[in-house]
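Asker: Take this structure first; my questions come after.
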Amino acid sequence: MGMADQFKDKAEQLKEQARQAAGKAKDEASERASRGRDRSGDETRRAQQEAQDRMDQDYDA
């Protein structure tokens, strides 16, 4: 095995590692975005419930 082959193998190995790292980063970003959407939905529902509670209190008084 010549030096050129060794460099070629190493380049392929590094390329595969980079591809895996990029895929992992993409998956993590997608998961964070999904959690953010879930959280914003919870906040929206909570704000709607608080507004409804305030309105109910105003009419009860």
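The values are calculated or read from the model by the stated rules, or taken from the named source; none is laboratory data. Just so it is clear, the model here is predicted, and its values are computed rather than measured. Cβ coordinates were reconstructed from backbone atoms using ideal geometry, including for glycine residues, and neighbour counts include every protein chain displayed. Accessible surface is based on the protein model in full, side chains and every heavy atom, while ligands, DNA and RNA are left aside. Shrake-Rupley method; radii C 1.70, N 1.55, O 1.52, S 1.80 Å.
Asker: Which value in nm describes the separation of the simple spin-label points at A51 and A18, placed 7 Å from the Cα toward the beta carbon?
Answerer: Between A51 and A18, the label points sit 4.9 nm apart.
Asker: Against the longest principal axis of the chain, how steep is helix 3-60, in degrees 0 to 90 to the nearest 10, with axes from Cα atoms?
Answerer: Around 0 degrees separate the two axes.
Asker: How large a share of the accessible area of the chain, in percent, is made up of carbon and sulfur atoms when the probe is 1.4 Å and the other protein chains stay in place?
Answerer: Whole-percent figure for carbon plus sulfur exposure: 49.
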